[in-house]
2 protein chains.
Amino acid sequence: MSIGNPLIRLKNINPKYQVSQKPLKDVAYYLSGIAEKNHVILGETITLMESTSPSKVVVARKILNSIIETPRPERLRIGVTGPPGVGKSTWLNAFGYFVSSQGKSTAILAIDPSSTNSKGSILGDKTRMDIIGRHSDVFIRPSPSGSVLGGISRNTMESLLVCEYAGFDYICIETVGVGQSEIAVAEQVDINILILQPGSGDDIQGIKRGIMETADIIVVNKADGALTGLADQTRYQFQSIIKYLHHQLPHWEIPVILTSGLQSKGFTEIMEQINKFSILSSASGYISEKRKDQGLKWFEQQGLLALQHHFLNNPKNKTKYLEITDKIKDGTLHPIQAIDLYLDLLG
Amino acid sequence: MSIGNPLIRLKNINPKYQVSQKPLKDVAYYLSGIAEKNHVILGETITLMESTSPSKVVVARKILNSIIETPRPERLRIGVTGPPGVGKSTWLNAFGYFVSSQGKSTAILAIDPSSTNSKGSILGDKTRMDIIGRHSDVFIRPSPSGSVLGGISRNTMESLLVCEYAGFDYICIETVGVGQSEIAVAEQVDINILILQPGSGDDIQGIKRGIMETADIIVVNKADGALTGLADQTRYQFQSIIKYLHHQLPHWEIPVILTSGLQSKGFTEIMEQINKFSILSSASGYISEKRKDQGLKWFEQQGLLALQHHFLNNPKNKTKYLEITDKIKDGTLHPIQAIDLYLDLLG
């Protein structure tokens, strides 16, 4: 189903959208702004949470504690993953507009790609996302990739909580599709949508190790224009593969869906499958179990990183650590000798 | 090809095999014993390296340093992974005998299963392995699962170095097929053999996330008796799946091989494929690159664990850490609040 060209919808700009340069506010200001889905205050809150300045950290913690202590209906957390170049940003724009046309709202948390090589093209995406970001039902936020584990930062978790408190119906986390970020995202969402290229069915290894098995829904995007035929063929290839991938959620069969982000096609089917998954997995307790497991794993991983960060904050330790890894890289130190040096460092 | 019933070959027992209860020896004793492939001294060395007593640690480090500083021809490191119950121990026994019948030697490092639930049946395997362990060309060593990362301990790395120094032609690392151990093993070997059950082609998800993609060779074992037909069918299923799994090593097509560990069938083909992989991957520099990457990754992971171990060695920290994780598990503490408590602990 087509919902028209998203770019034409630009006139529908949220009146709440305005430039703000105000100083630090109190907790109530942020909480009420978030609850109103005010895009400016949502943005301010997330920026505040990214800050490392002590006074801001105090306020940020208070906001987070209030949010965590205020029970809100659970919202579906949707991961959108896939290799670079499959059109994830355009796809998410179209998804956000489609959801909006159904009278519902979406928050899109994009992992900031600033530290990757593909800077240029993704900056283009960001501009596009910024435009749609002014639409009232669709809030877009690029997350910084600082202090990340496999591309998913502490900040992404916080942004997620803020958006749940705001009451967005769907919260999407988008990766740039590099490194381990897809697997990390899959470990933080309720449902994971893997977006692939027409023609990618010929080389699953190229899609990256373990990624196929994180998918709850597989999308073959760019099913438009000259690629329509190839997209259809690719869908058949994936359908023949996924029949072997039995899902952990009983009775769930991974669907393979054709979409065109550019032409906003295929989103009715996407929503049907998302809702079907949501109902099936909520009823069986699958999501609440999954979230508890994810939470513990997240804490353990972040705990390790926090510990390392604390340790390497000491310049002496950092210098020594880099010396050791350099020697491993150039082959002059065996990893097992390296560990002994490292243990000596711990004392 | 069949090489006869391994149990009949028991008479071929290594005269070097004898019980030894001697106290701590000097470095030269261990080094010369290892170089002679003396099973008793190999076992003593590995036990010494597992010790945490300070005087033994000093000797162990000296041995390891001598080994690392003495260049030896590289030996192929073979991972043998797969779910519990596929007959890995029997398969490895048959593999060891086959290699021996070709005039070559094998070391088998089994990850000790003592901490898993499947204790009973695997103890049976251990007894069987202990019998073959007396055969001169096949050295078997169960590794302790203490201080492990995903089932692969520091000790496994040390045992691997000892066996390379001893000059075994093939060094196999076997997992029990639980948790993340298969992926951890795949990250420490040159070639990974995934052993599967007849009938398992119907449920790849049941095989575990990401495992399929760690395989360099896929084996359908138990291709004997009543399972012969099903095994053949399963092989076809995997062949249709793996054509989509393009391997990182150029020109390598993942073979799917039928074997019977019990009847020692299929090992000629296994050896042909192992040798083919070895030649192809050595020539292209694939193995040396892979080992360097693996070494760095191993150090980084072990470094994190060492740091955590050091931190939790403080009883106050340990109590607090367990308090936090318990609260996450019972849902009374949000992971993000848990991290804040943890950061407070670091100071």
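The values are calculated or read from the model by the stated rules, or taken from the named source; none is laboratory data. Everything numeric here is computed off the predicted structure, so don't read it as measured data. Virtual Cβ from ideal backbone geometry, glycine too; neighbours counted across all protein chains shown. Just so you know, the surface numbers come from the protein's heavy atoms only, side chains and all, with ligands and any DNA or RNA stripped out. Shrake-Rupley method; radii C 1.70, N 1.55, O 1.52, S 1.80 Å.
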Accessible surface ranking that places the most exposed of B:Leu304, A:Leu42, A:Leu322, A:Leu227 first, with a 1.4 angstrom probe: A:Leu322, A:Leu227, B:Leu304, A:Leu42
Any residue on another chain or 5+ positions along whose placed amide H is under 5 Å from the amide H of B:Glu174 is listed here as B:Val80, B:Leu109, B:Ala110, B:Ile111
Give me the inter-chain shielding for A:36-49: mean count of other chain Cβ atoms within 10 Å, whole number please. 0
For A:Leu258, the residues 5 or more places away or on another chain with a placed amide H closer than 5 Å to its own amide H are A:Val220
Could you work out the local net charge near B:Ile46, counting Lys and Arg as +1, Asp and Glu as -1, over the other residues with Cβ closer than 9 Å to its Cβ? -2
With θ set to phi - 60° and the Karplus curve 6.51 cos²θ - 1.76 cosθ + 1.60, what are the ³J(HN,Hα) couplings of the stretch A:91-106 in order, to the nearest whole Hz, using x for Gly and Pro? 4, 5, 4, 4, 4, x, 5, 4, 4, 4, 5, 9, x, 10, 10, 9
Could you report the accessible area of A:Tyr286 in Å², rounded to 10, computed with a 1.4 Å probe on the protein chains as they sit in the structure? 40
Which FRET efficiency value, to the nearest 0.05, is calculated for A:Asp26 and B:Lys320 with the Förster distance at 35 angstrom and r the Cβ-Cβ distance? 0.65
Among the listed pairs A:Lys297/B:Lys222; A:Lys88/A:Lys290; A:Lys62/B:Lys297, which are separated by more than 28 Å between their Cα atoms? A:Lys297/B:Lys222; A:Lys62/B:Lys297
Shielding score for A:329-337, defined as the mean number of other chain Cβ atoms within 10 Å: 6
Report, in whole Å, the centroid distance computed from the Cα atoms of the stretch B:77-105 and the stretch A:238-295. 40
Give me the percent of the accessible area of the stretch A:194-347 that comes from carbon and sulfur atoms, probe 1.4 Å, all protein chains in place. 55
